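Working notes for the structure below.
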Amino acid sequence: MSTAVPDRAESPATVVDALIIGAGFSGMYQLHCLRDRLGMSARVLEQGDGVGGTWYWNRYPGARCDSESHSYCLTFDKDLYESWEWSERYPEQPEILRYMNHVADRFDLRRDIRFGTRVTAARWDARADRWTVETADAEGGAGERFAATWLITAVGCLSSANVPKLPGLESFAGDWYHTGQWPHDGVDFSGKRVGQIGTGSTGIQAVPVIAETAGHLTVFQRTANYSIPARNAPLTPEFKRYIRENRPAIRELMQSTPNGHAFAIADRSAHDMTPDEREAVYAAAWEKGGLQFRATFRDLLVDKAANDTAADFLKRKIRETVKDPETARLLSDIDHPFATKRPPIDSHYFEAFNRPNVSLVDVRSDPIERITPTGLTLRSGAEHALDVIVFATGFDAMTGPLLNIGITGRDGLTLKEAWREGPKTYLGLGVAGFPNLFTVTGPGSPSVLCNMPVAIEQHVEWITDCIAAMREKGVSRIEPAAEAAEGWVAHVNAAADATLLPMAGHSWYLGANIPGKPRVFMPYAGGMAHYRRICDDVAAKGYEGFVKSA
Ligand code: NAP
């Protein structure tokens, strides 16, 4: 039960035990845990008009998951886990959104979710030992005010769209869209001159689909990217039966692998084989498709010479696929080791460049200078006439969604100030100076290096157990000790430095895609299974590294 009580400010605040920001996988499961397991009053505040998080916003052409469907789901509830049947190997956005709505219905979550509600500020009130939270409604006007003992951010890692600040955008006479804020009723590209900026996971999914209807599609590429065929297809009756008969084992496997996927990383070095044997392994993985390619050898992400063998194979495949030699050269001129940026998987991306209505423009050597009323101009003066611009330009990842909230902790410390030199968390779950705040998939957690639902279930369950333990012990405030957070940041850096991941110097993992953002490797690269053990150990030791007060 929530109550409306007069607060220190003019309007009364709705008081609940816990506030959760965001209604994606994290927010929905967190609500279920706190409300239905612990019996707490809780609200989810969600900017969109529906549940789904990433899958609510990312409706761009070709949007689909790159975790295999049987592993891209919540597994905590036996009936939920066993009752949903996916149609394809890699489900499309509408199917995933249907699944998210199914979760909301099944656990009757909507009654405690405030849709169309954007959090504009969250402040720790030390006198009352609780958070006060302000919101804006869908029209941007002042919304409902809330107060809660616990504040849990479930805002996702990739939800703050990055539209590059190109001069002249406001003068563009055509339409432009960011893939992460796609119109719900779609975009008609028929016969239009479309320019797409960006060739990350999103851009690589969008190109072949936009090309099907566009008059002409010009792809502006700054950094060439590896991509592995998804080999997406409807699930066969045999595979569906395999899933039905092996769910507990599949779940166990997902929870024991470093990346949360339902496949193990082969325990062999790329150096253990002759070139011909290795070629056969890569060829088989290429034919099978998907992220398993990365799991062919255990040393691809830690040994540059091993990585080169995979990189050479993949670059060769691009040159074999793309017919125009100059386009093939540009697409395969990749400047970072394989999988040091998130490796995309695709459905006929490189093949799309063989179509007469698709062309590639290299904006590394000749960057976009400005947007004009009729298209865009490059530094060389070359002009491209466009009717539509698609920004597949990514996100202010991991920290962006949290810093946008306007969080102020103890003694007036803002999160922006606390993270001026880069994010500092303990376990990716809490921040020193911010009592009773938990950050699901926060910076310093495995999150984006893991199959997300697996990471999310672990975080939400750990947070739930922690809150239950604090309530039982009568602890009213808990926050990470500053030294514990410093130690965790050092551990996150060491884990990244033990891999080749930092070699992709311009990746969003490092914050390098956003001008002025501190360059800090944000996700935890030590592996999900190892991370789980660390978190369990912290809990078993009475939440070691946290400061608690009654
Ligand atoms: P991204 O990986 O950050 O890619 C953004 C692209 O835009 C890059 O090619 C980047 O070039 C380019 N770009 C940015 N600013 C530019 C500018 N001013 N001029 C020219 N090019 C510019 O973003 P994303 O593709 O949206 O993917 C983000 C993450 O979302 C992925 O890594 C993945 O984790 C997730 N995702 C997952 C799926 C899935 O599960 N299927 C699908 C899509 C996305 P540079 O590389 O040179 O910066």
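Just a yes or no: is a residue in the range 399-411 over 27 Å from Q181 (Cα atoms), within 16 Å of the ligand (Cβ to nearest atom) and surrounded by fewer than 23 Cβ atoms within 10 Å (Cβ to Cβ)? So far as the range 399-411 goes, no, none of its residues is over 27 Å from Q181 (Cα atoms), within 16 Å of the ligand (Cβ to nearest atom) and surrounded by fewer than 23 Cβ atoms within 10 Å (Cβ to Cβ).
Could you tell me whether the range 51-58 includes any residue that is at pLDDT 95 or above, β-branched (V, I, T) and open to solvent by 10 Å² or more (accessible area, probe 1.4 Å)? Yes, the range 51-58 contains at least one residue that is at pLDDT 95 or above, β-branched (V, I, T) and open to solvent by 10 Å² or more (accessible area, probe 1.4 Å). Across the range 168-193, the qualifying residues are those that are open to solvent by less than 20 Å² (accessible area, probe 1.4 Å) and over 15 Å from I368 (Cβ atoms), and the one among them that is farthest from the ligand (Cβ to nearest atom) is F189. Kindly indicate whether A418 is farther than 30 Å from M100 by Cβ and open to solvent by 10 Å² or more (accessible area, probe 1.4 Å). Answer is yes for this residue. The set of residues from the range 21-43 being open to solvent by less than 20 Å² (accessible area, probe 1.4 Å) and in a loop (DSSP other than H, G, I, E, B) comprises G22, A23, G24, M40, S41. State whether one or more residues within the range 289-296 are outside any loop (DSSP other than H, G, I, E, B), more than 24 Å from H336 (Cβ to Cβ) and modelled with pLDDT of 95 or more. Within the range 289-296, none of the residues are outside any loop (DSSP other than H, G, I, E, B), more than 24 Å from H336 (Cβ to Cβ) and modelled with pLDDT of 95 or more. If I ask for residues that are open to solvent by 20 Å² or more (accessible area, probe 1.4 Å), farther than 21 Å from Y509 by Cβ and within 16 Å of the ligand (Cβ to nearest atom), which ones from the range 194-232 would you list? V209, R231, N232, listed by residue number. Scanning the range 490-509 for residues that are under 24 Å from G433 (Cβ atoms) and either open to solvent by 30 Å² or more (accessible area, probe 1.4 Å) or within 14 Å of the ligand (Cβ to nearest atom) (or both) returns A490, H491, N493, A494. Yes or no: the range 318-340 includes at least one residue that is touching a strand residue (DSSP E or B) at 6+ places or on another chain (Cβ under 7 Å), part of a helix (DSSP H, G or I) and open to solvent by 10 Å² or more (accessible area, probe 1.4 Å). Yes, there is a match, as at least one residue in the range 318-340 is touching a strand residue (DSSP E or B) at 6+ places or on another chain (Cβ under 7 Å), part of a helix (DSSP H, G or I) and open to solvent by 10 Å² or more (accessible area, probe 1.4 Å). Within the range 57-72, if we keep just the residues that are within 7 Å of the ligand (Cβ to nearest atom) and hydrophobic (A, V, I, L, M, F, W, C), the residue that is nearest to T199 (Cα to Cα) turns out to be A63.
For the structure I just gave you, tell me whether K315 is open to solvent by 10 Å² or more (accessible area, probe 1.4 Å), over 22 Å from M254 (Cα atoms) and either in contact with an Asp or Glu (Cβ under 8 Å, 6 or more places away or on another chain) or assigned to a loop (DSSP other than H, G, I, E, B) (or both). Answer is no for this residue.
Filtering K165, K240 for residues that are more than 22 Å from the chain's Cα centre (by Cα) and either assigned to a loop (DSSP other than H, G, I, E, B) or within 11 Å of the ligand (Cβ to nearest atom) (or both) leaves a single hit, K165.
The values are calculated or read from the model by the stated rules, or taken from the named source; none is laboratory data. The structure presented is a predicted model; accordingly, all values stated were derived computationally and were not measured. Virtual Cβ from ideal backbone geometry, glycine too; neighbours counted across all protein chains shown. Heavy atoms of the whole protein, side chains included, go into the accessibility calculation; ligands, DNA and RNA do not. Shrake-Rupley method; radii C 1.70, N 1.55, O 1.52, S 1.80 Å.
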